[in-house]
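Undergrad: Take this structure first; my questions come after.
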Amino acid sequence: MRFISSLFGILASTSFIGAGFTSAFAADETIRSLAEERGRFIGTILNSEWFNDNIEPEFEEIHKTQFNVVVAENEMKFDATEPKENVFNYTKGDKMIAYAQANNIRVRGHALAWHSQVPGWVNDYKGQKEKLLKVLKNHIDSVVGHWKGKVAEWDVVNEAVNDEYNAGWRSQGSVWYEGIGAEFLDSAFVWTHAIDPKAELCYNDYSLEWGMREKSKASFVVEQVKRWKKNGIPITCVGTQTHIEIAHETTPQNVRDFAKALAELGVTLNITELDIGFPKGSAGKLGAADYAKQGHLYRQFMDVFLEEPNMGEFVIWGLTDAHSWLDEQQGKTEGLLYDKQYKPKPAFDSIMVSLKSHPAAEVKTPYTFAKDTTANDTTVRDTTVTDTTAKDTSNAIAKLRGLQKFTIHLAGRTLFITGTSAKPSTVELFDMQGRPVFSAKCENGSVDLKNITEGLYVARVHAGSASYMQRAVIK
Ligand code: XIL
């Protein structure tokens, strides 16, 4: 608001200016609201700091306004929910469910059968097939039963496939596989479905974004999904974790191909743990071009997500670079949408641009909930004349109305101003936080924006004594 009043110092005495400006820079439009209009879910984790009430106040505010699907970073894993045999701890998970319900957020349950974050007492039963089957079934019965109807989707099995180029089950280092064999996966799906038949059930893994080459993880998973579907195993979704690096430029296309292969099998593909990290050594040396590149990759994933009809959730593994497993464990850094001060990065704008570039009416959803196809496509609205004063009847506004007689229109990287009797003199661009990023004199009714980084902006045009603003998507 500080910016708003200074920007409009000249005309700021009228309430109209404040109202018009606010709607242009909308806090009313979030990536959550845009995703919802498109029948899709965009989400991020709740991290341990949140569960322990040790998180900055901005976190929750951003979390609930920008995201509509949530997952616990660690608090629903086996070691958290059943720390001792048949002794269950649901306190933290319950806290998340209450938060999700209060804010109308969908819950992903993560994860039931996984080789990692398994408590020591389970490993004590190493190699004992009958016992391990009982342990796994009891865990699923209890945990899924406790949250029945509250968890929309479970990662039933996590990371059961070997690393890349070595297609096959993870045969080493998994207490489940070593003790039970591959049937632990089939059983886990069947048991989960028996307890909560309405929940969606996913197989979740990393490196699936490397493509469907021979012996790749993605190809192996497609083969298993075929087998599961043929055998009536109740799998409904695959999760591609998608922990990638800035250099992994081909991964969005790989995810698209993977989605298409799963669509043929009637299975949804969700992006479940996206982060796009820089090498840790680059911390402090990153510039605008690096963040723009990161934004571009995020946007490509969002484009794929919105264009493939069998994709439903787009979940990022963290909200702010201040709290991320990338720094703590992965030798990577700054892979998320918000920086350490909770400021949205270019990646955030890129996601918004992608959402706005895909009209709601054209985005299909794999979910059965009613999609509001009457929702307006704001991208279209942005390129037409909008009289923001129309609903206001005050005198001050009536006076201003006559000034708003021109249209700004973006074609490629050129901004055209048409329909004004006064000659347009200057064009300014502001980022979505209201910071000025560009200003140029207007020659022949147009301005070249070729040096502007892709993103979402508000453009202001001056012509004579009038000025006019609207949102501009630059791509
Ligand atoms: C990670 C968490 O972010 C860390 O806090 C924890 O120490 C280890 O697990 N794949 C998964 C997630 O399925 O559960 C992992 O989460 C990241 C990789």
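The values are calculated or read from the model by the stated rules, or taken from the named source; none is laboratory data. None of the values given here were measured: they were computed from a predicted structure. Virtual Cβ from ideal backbone geometry, glycine too; neighbours counted across all protein chains shown. Please note that ligands, DNA and RNA were not included when accessible areas were found on the heavy atoms of the full protein model with its side chains. Shrake-Rupley method; radii C 1.70, N 1.55, O 1.52, S 1.80 Å.
Undergrad: Using a 1.4 Å probe and ignoring any ligands, DNA or RNA, find the accessible area of Leu136 and quote it in Å² to the nearest 10.
TA: Leu136 exposes around 0 Å² with every protein chain in place.
Undergrad: According to a simple spin-label model (label point 7 Å from Cα along Cα-to-Cβ), what is the distance in nm between Phe88 and Asn52?
TA: If labels sit at Asn52 and Phe88, their model points lie 2.6 nm apart.
Undergrad: In addition: Can you send over the carbon and sulfur percentage of the accessible area for the stretch 108-236, probe radius 1.4 Å, protein chains only? Numbers along the way, then the final one.
TA: Details: 2520 of 5200 Å².
Reported share for carbon and sulfur atoms: 48 percent.
Undergrad: Next question, about the same structure. Under 19 Å Cα-Cα from Lys364, which lysines qualify once same-chain neighbours fewer than 8 residues away are excluded?
TA: Lys260, Lys356
Undergrad: Filter Lys215/Lys340; Lys150/Lys332; Lys92/Lys131; Lys84/Lys215; Lys230/Lys332 down to the pairs with a C-alpha to C-alpha distance above 31 Å, please.
TA: Correct reply: Lys215/Lys340; Lys150/Lys332; Lys84/Lys215; Lys230/Lys332.
Undergrad: Straight-line reach only, C-alpha to C-alpha below 22 angstrom: list the lysines that Lys441 could link to, leaving out same-chain residues fewer than 8 apart.
TA: Cα-Cα hits under 22 Å: Lys405, Lys423, Lys450, Lys475.
Undergrad: Once each part is reduced to its C-alpha centroid, what is the distance from the stretch 131-202 to the stretch 217-272 in angstrom?
TA: Cα centres, the stretch 131-202 to the stretch 217-272: 17 Å.
Undergrad: Follow-up question, since we're still on this one. So what is the accessible area of the stretch 3-362 per residue, in Å², with the probe set to 1.4 Å?
TA: Accessible surface, normalised per residue, equals 37 Å².
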